[in-house]
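Undergrad: Can you read through this structure? Questions will come right after.
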Amino acid sequence: QPVVADSAEHFLQFVCYGDHSQAQICVLKDGLRLLQLDSSLPQSLLDACRAHSSAVEAVLSAADKEVEGFDGDVFTWPHEGCQRSEIKDGTLRSRLERSREVEASGGLVYMAELSRDRKTPHHLTGERCRTLTSRDVRDCSLPMHFFAQGGTMLEPEELPMWDRGHSFVGAQGAGSCLHVDQAWWSNIAKNFLGHKLVALWGPDEAEDVLNKHVGQLLRRPLSSQQYQALKKASSVALLGPGDIASFTGGLPHATVVVGDELNVTAYESFINWHPNNAGLLLRGAERPPGRKGAMTRRALHGLLDDVVEVVRRRVPSTCTSNA
């Protein structure tokens, strides 16, 4: 069962300092309102998703109303199929228009990694990014007394790594196939509209479930093998409108949209200060770089360099010299 945070403070403590390495999921019910993030996605996208039952038509409609363009990945599944395909080449509009044929034949379309089509300075920090969100969990602060360590005050918003991430739009049955992330960091899922199931498997089940089901969409009708795999999940959370969840991306996980409404979820990726999560990140880094599902060597080295830089800057020199 997921841990349901009893306050925004409890949730932010889990995000910044909690152990995520044993397949814990922490959910903050009504978290978007509690953290004042409920208006952080473009209103045009939320309105379009409320007005349409098709993810394709919703994103096309929202794009027509935005001055800045959209980009992202367009994934499809045939009717009752569990192996996805990607529509490549061309603008996002042309790929979405081609995906209409899939929806017309009873298949599914999932708009993944939805973002701006170019980087612009973020209005809060000035960093150049393509995120659709104007404010994220990374911009929310814990009370400062949680950051006192031997007389040193840590900035509440700075973790070893924190990426603003992108958004996902899908109808019932669509979602993310069973996988582990390209780097074994942690995730935040901000569920703006609709309902989404998140399933996470623990370290003991990880190898078996990946060998048998990696790349599969776990949607109805489940095969008997998929049903048995889902029963072995360490934690399953149902996210409703406004909920926020946090969990590791370094263990097998999968999501699926449930209910009649379109689902819109925006994600963030981060590495917090708990040593077990750093250990999980490093175990993921031992995978052959560039193999399917893993970061390239260059990207991985860049990530680790960034983490080391923040740790050196934020941790007192007496701690690092004694390590």
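Undergrad: Does any residue in the range 299-323 that is over 16 Å from ASP163 (Cα atoms) and at pLDDT below 85 come within less than 7 Å, Cβ to Cβ, of a residue that is open to solvent by 40 Å² or more (accessible area, probe 1.4 Å) and hydroxyl-bearing (Ser, Thr, Tyr) six or more places away or on a different chain, and which pairs are these?
TA: Going by the 7 Å Cβ cut-off, the qualifying pairs are PRO316/THR152.
Undergrad: Among what's in the range 100-135 and is of a type in the set (Ser, Thr, Tyr) and assigned to a strand (DSSP E or B), pick the residue that is most open to solvent (accessible area, probe 1.4 Å).
TA: To start, the set of residues in the range 100-135 that are of a type in the set (Ser, Thr, Tyr) comprises 105, 110, 115, 120, 125, 131, 133-134.
The next check asks that each one be assigned to a strand (DSSP E or B); those that pass are 110, 115, 120.
Details: TYR110: 5, SER115: 1, THR120: 35 Å².
My answer is THR120.
Undergrad: List the residue pairs whose Cβ atoms are under 7 Å apart, where the first residue sits in the range 220-244 and is under 30 Å from ARG138 (Cα atoms), the second is open to solvent by 90 Å² or more (accessible area, probe 1.4 Å) and in a helix (DSSP H, G or I), and the two are 6 or more positions apart or on different chains.
TA: These pairs meet every condition: GLY242/ARG33.
Undergrad: Next question. Please go through the range 11-36 and give me each residue that is farther than 30 Å from GLY202 by Cα and either buried (at least 22 other Cβ atoms within 10 Å of the Cβ) or of a type in the set (D, E, K, R) (or both), ordered by number.
TA: ARG33
Undergrad: Being open to solvent by 60 Å² or more (accessible area, probe 1.4 Å) and in contact with a His (Cβ under 8 Å, 6 or more places away or on another chain) is the filter; apply it to the range 188-232 and report the residue that is nearest to TRP162 (Cα to Cα).
TA: Looking at residues that are open to solvent by 60 Å² or more (accessible area, probe 1.4 Å) and in contact with a His (Cβ under 8 Å, 6 or more places away or on another chain), I get VAL214.
Undergrad: Could you please find all residues in the range 1-10 being within 16 Å of SER235 (Cα to Cα) and open to solvent by 40 Å² or more (accessible area, probe 1.4 Å)?
TA: Scanning the range 1-10 gives GLN1, VAL3, VAL4.
Undergrad: Then there's this: Which one of these is aliphatic (A, V, I, L, M), in contact with a Cys (Cβ under 6 Å, 6 or more places away or on another chain) and closer than 20 Å to VAL264 by Cβ: ALA62, ALA58, ALA5, ALA48? Write out each step before concluding.
TA: Working: ALA62 fails: in contact with a Cys (Cβ under 6 Å, 6 or more places away or on another chain); ALA5 fails: closer than 20 Å to VAL264 by Cβ; ALA48 fails: in contact with a Cys (Cβ under 6 Å, 6 or more places away or on another chain).
Only one candidate qualifies: ALA58.
Undergrad: Are any residues in the range 47-60 in a helix (DSSP H, G or I), surrounded by fewer than 18 Cβ atoms within 10 Å (Cβ to Cβ) and touching a residue at least 60 places away in the same chain (Cβ under 8 Å), and if so, which ones?
TA: Hit for the range 47-60 is ARG50, nothing else.
Undergrad: Inspect all residues belonging to the range 70-88 and state whether any of them is at positive phi and either at pLDDT 95 or above or among the basic types (Lys, Arg) (or both).
TA: Checked against the condition, which is being at positive phi and either at pLDDT 95 or above or among the basic types (Lys, Arg) (or both), the range 70-88 yields at least one hit.
Undergrad: Still on this structure: Can you pull out the residues in the range 257-277 that are in contact (Cβ under 8 Å) with a residue 24 or more places away in the chain, more than 19 Å from ARG164 (Cα to Cα), open to solvent by 20 Å² or more (accessible area, probe 1.4 Å) and not polar (S, T, N, Q)?
TA: The answer is VAL258, GLY259, ASP260, GLU261, HIS274.
Undergrad: Ok, one more. For ASP71, indicate whether it is in a loop (DSSP other than H, G, I, E, B), of a type in the set (Asp, Glu) and open to solvent by 10 Å² or more (accessible area, probe 1.4 Å).
TA: For ASP71, the condition - in a loop (DSSP other than H, G, I, E, B), of a type in the set (Asp, Glu) and open to solvent by 10 Å² or more (accessible area, probe 1.4 Å) - is not met.
Undergrad: Then there is this: Any residue in the range 10-32 that is free of Cβ contacts under 8 Å to residues at least 60 places away in the same chain and among the hydrophobic types (A, V, I, L, M, F, W, C)? So that I can check it myself, show each step before the final result.
TA: The initial filter retains those residues of the range 10-32 that are free of Cβ contacts under 8 Å to residues at least 60 places away in the same chain, namely 10.
Next, from what is left, pick out any that are among the hydrophobic types (A, V, I, L, M, F, W, C): none.
No, there is no match, as no residue in the range 10-32 is free of Cβ contacts under 8 Å to residues at least 60 places away in the same chain and among the hydrophobic types (A, V, I, L, M, F, W, C).
Undergrad: Pick from the range 267-313 the residues that are of a type in the set (Lys, Arg) and not in a helix (DSSP H, G or I): which of them is nearest to the chain's Cα centre (by Cα)?
TA: LYS292
Undergrad: Every residue in the range 81-99 that is assigned to a helix (DSSP H, G or I) and touching a helix residue (DSSP H, G or I) at 6+ places or on another chain (Cβ under 6 Å), please.
TA: LEU96, SER99
The values are calculated or read from the model by the stated rules, or taken from the named source; none is laboratory data. These figures come from a predicted structure and were not determined experimentally. Here Cβ is always computed from backbone atoms with ideal geometry, including for glycine, and neighbour counts include all displayed protein chains. Remember, those area values only see protein heavy atoms, side chains included, never the ligands or the DNA or RNA. Shrake-Rupley method; radii C 1.70, N 1.55, O 1.52, S 1.80 Å.
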